């Protein structure tokens, strides 16, 4: 976490004048629930834009540099923001990286399809370059917000960081949000219970959800943790075999996945192609509503 100055003792830190900048809306909704009107919360990456590919504007960079606290996912999720965030840390801006405060999911060799050298000869020069970038991307899954348990794990540290940056006492807000997310976890468990939960996604994004709720990740259209990669013809053919062998009734797509490829794959397999909003709120009023909607979409598609 970047180090910066604490609030001036002579200022009024809880009048909403403190600024917290969050990288994406799902995480922003959690921060907003914690702080209420005790600070101004703004989100850098607009809903509908891919956080893996988003590039900041000059105004975005200014907002980050002037924030009392920046809250980011980390784990190479905000790829286009990484240099900006690093420079902000170097200049003394307080930055809270959520990925530093959870038990990070590490991709196994079987899951880490994008690293499979067996496909090297099948790929074009462009795809080979993207595979090299995927090696640099690392094997730590950044999609941590898709598990309420992961969010619960980091909440005390986040509340502490916000309190340090703003001077706000968040004791009651933290307890209320912890209670809400604990109940949310139970609701999701109940919704998924009894369903054969085998998941095929747009890219490798549902791992935390799968681990938490006893699902199995069969594969992904883009076999990578980032949507900046692409699948080879060989990888798509292998995915089709897996879907047929498991009898999966639906494949899930979303931001950063070619809808044409998803629709063609679903048509060839005779399964449904279901679009999920996994990376932004998409109209949900808070994190709880976002996760319940996502869970219900998955459950409905797999039943």
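Every read-out reported here was derived from the displayed coordinates using simple, explicitly stated rules and does not represent laboratory data. Just so we're clear, the structure is a prediction, and the values are computed from it rather than from any experiment. Cβ: placed from backbone, ideal geometry, glycine included. Neighbour counts: every protein chain shown.
Report the semi-axes of the equivalent ellipsoid for the stretch 204-269 in whole Å, largest first, where each axis is √(5λ) for an eigenvalue λ of the Cα gyration tensor.
On the way: eigenvalues 63, 48, 24 Å².
In descending order, the three semi-axes are 18, 16, 11 Å.
Inter-label distance, residue 286 to residue 160: 2.5 nm, where each label sits 7 Å from its Cα along the C-beta direction. Per residue, the average separation of C-alpha pairs within less than 8 Å and at least 6 apart gives the stretch 186-302 a relative contact order of 27 percent.
Kirkwood radius for the stretch 186-302, taken over all pairs of different Cα atoms as the inverse mean of 1/r, rounds to 14.4 Å. Once you reduce the stretch 235-301 and the stretch 137-170 to the center of their Cα atoms, the two points are 27 Å from each other.
Any number yet on Rg/Rh for the stretch 237-299, C-alpha, Kirkwood?
Numbers: Rg = 13.3 Å, Rh = 12.8 Å.
For the stretch 237-299, the value is 1.04.
By the count of other C-beta atoms within 10 Å, a proxy for reagent exposure, 32, 289 are ordered fewest to most as 289, 32. For residue 91 and residue 260, the FRET efficiency from 1/(1 + (r/R0)^6), where r spans their Cβ atoms and R0 equals 45 Å, is about 0.55. Counted residue by residue at 0.36 nm each, then reduced by the alpha carbon distance between them, the extension gain from residue 175 to residue 66 reaches 36.3 nm.
For residue 104 and residue 275, the difference between the fully extended length at 0.36 nm per residue and the C-alpha to C-alpha distance is 59.0 nm. Each of the peptides 87-100, 237-250 was scored by the mean count of other Cβ atoms within 10 Å over its residues; in descending order, highest first, they stand as 87-100, 237-250.
Tell me the relative contact order for the stretch 11-69 as a rounded percent, counting alpha carbon contacts under 8 Å between residues six or more apart.
Numbers: 69 pairs, mean separation 24.8, N = 59.
42 percent.
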